[in-house]
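Notes to accompany the following structure.
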Amino acid sequence: MIRIRTLPVGPIATNCYVVSDDEGNAFVVDPGYEYEPILEAIQDLRVSHILLTHAHFDHIGGVRAVKEATGALVLIHEIEVDWLVDSSLNMSAQRSEFCPWEVTGPPADQTLHDGDVLELLSESIEVRHTPGHSPGHVSFVMGDVVFGGDALFYGSVGRTDLPFGDGPTLFKSIREKLFTLPPHTSVLPGHGPPTTIRDEARMNPFVQLRG
């Protein structure tokens with residue numbers, strides 16, 4: 001049985017997801033700032049992989065700590081490989097109340113591409129490139145669940161006014177890579193509560209306004 005635990009961490013309440021099976025094997029999606037709750041959640045698990053939807057500081061602030069604690073492999077889309085080790089690209093160099101220190105994580109162990117399929121916990125996980133919020137943003141589809149990062153939220157969408165963001169690209173990603181999933185698919189976003197593809201396709205006001 002697969003279990004998914006949601007841990008909102010850091011100043012922006014970034015959702016980190018700890019996914020585990022009955023044997024104690026696990027992977028982590030987007031370990032962000034204030035990583036102590038994450039380390040506590042995984043202390044009795046064997047974490048093999050860290051999957052990153054994108055490399056903004058609030059999604060990668062805990063990567064180094066989790067990797068050092070577990071030896072897990074770090075996976076990210078090839079476009080944002082440099083962001084992991086460059087605080088200006090991951091936006092932590094600017095410092096703010098939401099980002100009090102610079103983030104420089106360990107380098108990626110493996111790069112991701114659109115259409116890749118990962119085999120973890122006896123599950124097939126499809127990588128879908130969903131740029132717009134950031135150029136190397138990906139979403140991970142595992143059965144009837146998609147870890148959507150900052151592409152699609154409950155009643156909202158990811159910001160596109162940040163460096164390298166692009167609105168038309170984001171809406172294209174949502175329509176072609178997310179709304180093509182089965183309607184019952186659960187969306188586990190990078191911030192906020194879960195939702196479904198059905199509900200967002202029908203009622204998301206930001207997407208509806210763009211036809």
**Asked** Considering the stretch 1-31 alone, what residues qualify as being of a type in the set (Asp, Glu) and exposed (fewer than 15 other Cβ atoms within 10 Å of the Cβ)?
**Response** Asp22, Glu23
**Prompt:** Which one of these does Pro131 not meet: (1) more than 22 Å from Ile2 (Cβ to Cβ); (2) free of Cβ contacts under 8 Å to residues at least 12 places away in the same chain; (3) of a type outside the set (Ser, Thr, Tyr)?
**Reply:** (2)
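Looking at Ser134, is it out of contact with any Asp or Glu (no Cβ under 7 Å at 6 or more places or on another chain) and of a type in the set (Ser, Thr, Tyr)?
Details: out of contact with any Asp or Glu (no Cβ under 7 Å at 6 or more places or on another chain): no; of a type in the set (Ser, Thr, Tyr): yes.
Taking the combined requirement at face value, the residue does not satisfy it.
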**Asked** Given (1) within 14 Å of Ala108 (Cα to Cα); (2) touching a Pro at 6+ places or on another chain (Cβ under 9 Å), where does Asp30 come up short, assuming only one miss?
**Response** (2)
**Item:** Thr6 more than 22 Å from Val141 (Cα to Cα) and touching a residue at least 24 places away in the same chain (Cβ under 8 Å)
**Value:** no
**Request:** Would you point out the residue of the stretch 1-30, among those that are part of a strand (DSSP E or B), farther than 13 Å from His191 by Cα and not β-branched (Val, Ile, Thr), that is farthest from the chain's Cα centre (by Cα)?
**Result:** Asn25
**Test: residue in the stretch 64-71 that is among the hydrophobic types (A, V, I, L, M, F, W, C) and within 19 Å of Leu118 (Cα to Cα)** = no
**Request:** Report whether or not Arg95 is modelled with pLDDT of 95 or more and not aromatic (Phe, Trp, Tyr).
**Result:** no
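The values are calculated or read from the model by the stated rules, or taken from the named source; none is laboratory data. All values reported here derive from a predicted model rather than from experimental measurement. Cβ coordinates were reconstructed from backbone atoms using ideal geometry, including for glycine residues, and neighbour counts include every protein chain displayed.
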